[in-house]
Amino acid sequence: MTMVHIATKAISRKAGQSAVASAAYRAGDVLDDAKYGKTHDYSKKSGVMSSDIVLPFSLKALGVSVDRETLWNSAEAAETRSDSRVAREWLINLPYELDEYDRHQLAINFAQKLCDDMDVIADVCIHRPVMKLPFDPNVPPSSKYLREGEENPDPRNFHAHILVTTRAPTIGPNKTLAFDPKLKTPFEWSNKKRKAHDLPSSMQEIKRIREMWVDTANKVLAQHHLPLMDARSYKDQGLDQQPTIKMGVEATAMERRGITTEKGNTNRAIKARNKLVADNHIKQEADNERRIKQYRDGLAWATEKNARLPGSIGGTKRRADFTKQLSGSSEPHITYCTEQNNRTAIRVDDTKRCVEDAKSGIAWAAKRCENLPKWINGTDERSQKAKYRVEHSKQWVTANTKRATDSESIAQDIHQGIAERARPAPSPFDDDARRARAARLDRQEGRIDRDTRANRYEDERIFEYAERMKLHLAMRLIQRHREAMAINWAQGETAADAPDKFDQRQVALLSEFAQRHGIEDHDKAVEFTAHLRQVAKRFDHTLVENNKAIIKLLRDPNAEREQYLALTKHFTDFRDNIDQKRAAFNSSIIDKLGGSAGEVGRMTRDTMSSFSYIEELMDYINQDNCPAEARKAAREHLADTLDKTCQQFKLALRDVNSLPTTQRKSYSEAIKATLETFTEQYGKELSESQHKAIQSGLESYRHQVNKTHSPSRGFSP
């Protein structure tokens, strides 16, 4: 979790402070103080990364501009009391995980919110930790070298001093800036006056601004997938952690010089106690996880056994019932078998009798067949008579069959003629026939009317559905940035938590689509419903057919996201592989360069490994067998890599001279040689802003070199 630090204090004349002097010191600038007749020159102050004047939007809209010297002299002139608060400072700790550009934008955005919320003007100055060279006994004492036993400040301590006015600005003649002596901002009121105006106390107001800072920073951290801030105290978070006490400037300086202080000892004891509690908590969590796993395994085993138990009981019961059934049905089977045995004996006796009867029948048949040849050959008188009767019968049957056939054909002809004569002829003036024809036509017309009404209803239903779908698509398009439509990364929301919302890539695609077709998110000239209907009319057949991918995205973001991830998974795996190879190469050259050298060393090593990294990306883009979406993602990653490498050149060149002497030479030579090769290979592909970034780094490097070699203007020892 990123550390949360925001503090405020008043710049007061009672404490002998001046708004002009405070602004000059924080900006590292030269300002003339009109009230005290002094010139505050802090131009040699190191560690100032940027300084900007931020106006509320109400003044920006009027085209008002003001410089630092005029602003704070005007603020001083508006105060008449000797103990007046002439300014207020808000000190915020900027996340070191962000790069310089993102830190600057974050500070400016928060200052803009302060200006609009409190109606003040802000002077934003971003400082970086000033790292000194290691202690050298052979070098005369200097602010550039550490004292003996002294330590450098925390290299992550990037912070912003936001100096705001205590009075609301007003516009004088010719758009000149002025402050109303009678118009103090409500934040500077006493708690009694705030209560009289139904305003919360100063402490509650500070907590509100603290939450506003955390929300502003978390939106940026979420975009870079970094740990988020938490404004709650350890107690509210449910953590058994004790907060450290504030050291102060004097105690911090003494601790850096190696002098132990009571506050330092207290904080070290608190940190040791917190570490012990955290270690015990981790150990306890591990023990709890182990016990929970054992309980879950035991519960799973018992559940499985219990699930099998009803089946085992049922099987045992079925086997018992079957055994009982077998034992109960064995007696009828025995009785049946006994009866079958008795019947078999009876059948044997019957068979024997049948055999005897067959034998006697065979003897009778043999005796009867002795005279059969004579009868067959027709040698006796009976045979001759039988043949005559047979021939006569055949002739009689043939004649009767012919007569029956002739009678049937005649009868059929007679019946057909009678039926034709009995049928009445159709009449064209028959009312029944006319009514039948009319009824048939009515039925046909009714069926046609029913089909027409059904088709019309179906067409209207489809048209209404299409209109509702157009309004739905238009609503999702123009409200794609809203919290209800887009994934809220600042609140820790993910695509898995809100699958129906748009992610950042999808919002960018929809914004490009809306810009290309001239679709405004909100038309102030018309009412919202009318504007929604105007956008819905744009979704005609041609637009839908030519932008099917966008329509699919509007209807189902999760399906489009899964399809995109599936198509780009090939490149994601490839990118992870080359990232691992790049990290291994960067680690292998640390010893050759003389050490890690902190953030400057990391950026230098990244620039040295950028050549092979970019070449592999280009080879991947030129492969025709890769999906088109994967190659598009590779082209976008290549553009980001080139831009990031240019920024790394800029920052490394700016800070390389702050490295210790043992590392400065090796890293300076490495980054200069790498830059020369980089510009030769990719100079034509870089944009104007990228060239400017590299040129800015080179100018800063030359300035630091000239400043190091130039003679000192102070007194020599």
Over 19 Å [Cα-Cα, segment 583-663], rounded percent: 47 percent
Neighbour cut-off at most 15 other Cβ (10 Å), DSSP loop, trypsin sites (Lys or Arg not before Pro), segment 75-107: ARG81
Backbone HN-Hα couplings from phi across segment 157-166 [Karplus 6.51/-1.76/1.60, Hz, Gly and Pro as x]: 7, 8, 8, 10, 9, 10, 9, 10, 6, 9
List the residues whose amide H sits under 5 Å from the amide H of ALA486, counting only those 5 or more places along or on another chain, with H placed 1.01 Å from N in the peptide plane. PHE502
Principal semi-axes in Å for segment 510-598 [√(5λ), Cα gyration tensor, largest first]: 48, 19, 10
Around TRP489: net Lys/Arg minus Asp/Glu count, Cβ-Cβ under 15 Å: 0
If you take every residue apart from ARG257 with its C-beta less than 14 Å away from the C-beta of ARG257, what net charge results, scoring Lys and Arg +1 and Asp and Glu -1? -2
Determine which residues of segment 527-544 fall in the zone a paramagnetic label at GLU520 would reach in this model, i.e. backbone nitrogen under 18 Å from the point 7 Å along Cα→Cβ. 527-539
With no solvent term and unit scatterers on the alpha-carbon positions of segment 239-311, Debye gives log₁₀ I(q)/I(0) at q = 0.13, 0.14, 0.23, 0.26 Å⁻¹ of -0.60, -0.64, -0.97, -1.06
Greater than 30 Å separation of Cα atoms is the criterion. Which listed pairs, LYS271/LYS581; LYS207/LYS246; LYS14/LYS219; LYS219/LYS293; LYS581/LYS650; LYS113/LYS246, meet it? LYS271/LYS581; LYS14/LYS219; LYS219/LYS293
Based on Cβ point charges of +1 for Lys and Arg and -1 for Asp and Glu, what charge dipole magnitude is obtained for segment 469-588 about its Cα centre, in debye rounded to the nearest 20? 280 debye
All aspartates and glutamates inside 18 Å of LYS193 as judged from Cα atoms, apart from same-chain residues fewer than 8 positions distant: GLU205
Rel. contact order, % - alpha carbon contacts under 8 angstrom, at least six apart, segment 105-208: 24 percent
Cβ-defined net charge surrounding ASP451, 12 Å radius [Lys, Arg +1; Asp, Glu -1]: +1
Segment 166-235: chymotrypsin sites (Phe, Trp or Tyr not before Pro) in DSSP coil with no more than 16 other Cβ atoms inside 10 Å: TRP189, TYR234
Note down the Stokes-Einstein diffusion coefficient of segment 636-680 in µm²/s, whole number, using a Kirkwood radius over alpha carbon pairs, 10 °C, and 1.306 mPa s. 140 µm²/s
For VAL249 and PHE528 in the same chain, what is the full-extension length gain: residue separation times 0.36 nm, less their Cα-Cα distance, in nm? 94.8 nm
How much FRET efficiency would the formula 1/(1 + (r/R0)^6) give for VAL130 and ALA484, where r is the Cβ-Cβ distance and R0 is 45 Å, rounded to 0.05? 0.45
Just the number: Rg to Rh for segment 159-318, Cα atoms, Kirkwood Rh, two decimals. 1.27
With a 1.4 Å probe and all protein chains kept in place, how do HIS161, HIS691, HIS225 rank by accessible area, largest first? HIS225, HIS691, HIS161
Can you give the convex hull volume of the alpha carbon atoms of segment 564-717 per residue, in Å³? 124 Å³
Amide H to amide H, which residues 5 or more places from TRP90 or on other chains are under 5 Å from it, using H placed in the peptide plane? ILE162, LEU163, VAL164
Taking only the alpha carbons of segment 431-470, the radius of gyration and the largest Cα-Cα distance, Dmax, both in angstrom, are 17.4, 58
If Rh is defined by the Kirkwood formula over all Cα pairs and Rg also comes from Cα, what ratio Rg/Rh do you get for segment 100-194? 1.21
How high is the FRET efficiency from ASP32 to THR542, r the C-beta distance, R0 51 Å, rounded to 0.05? 0.20
If you roll a 1.4 angstrom probe over the protein chains with everything in place, what fraction of the accessible area of segment 1-134 belongs to carbon and sulfur, to the nearest %? 49 percent
Residues SER233 and LYS692, FRET efficiency given R0 of 35 Å [Cβ-Cβ distance, rounded to 0.05]: 0.20
Step by step: find N for segment 13-75, compute 2.2 N^0.38 Å, then divide the Cα radius of gyration by it. What's the final number? 1.22
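The values are calculated or read from the model by the stated rules, or taken from the named source; none is laboratory data. Note that this is a predicted model, so its numbers are computed, not measured. Counting neighbours? That spans all protein chains shown, and the Cβs are built from the backbone with ideal geometry, glycine included. Heavy atoms of the whole protein, side chains included, go into the accessibility calculation; ligands, DNA and RNA do not. Shrake-Rupley method; radii C 1.70, N 1.55, O 1.52, S 1.80 Å.
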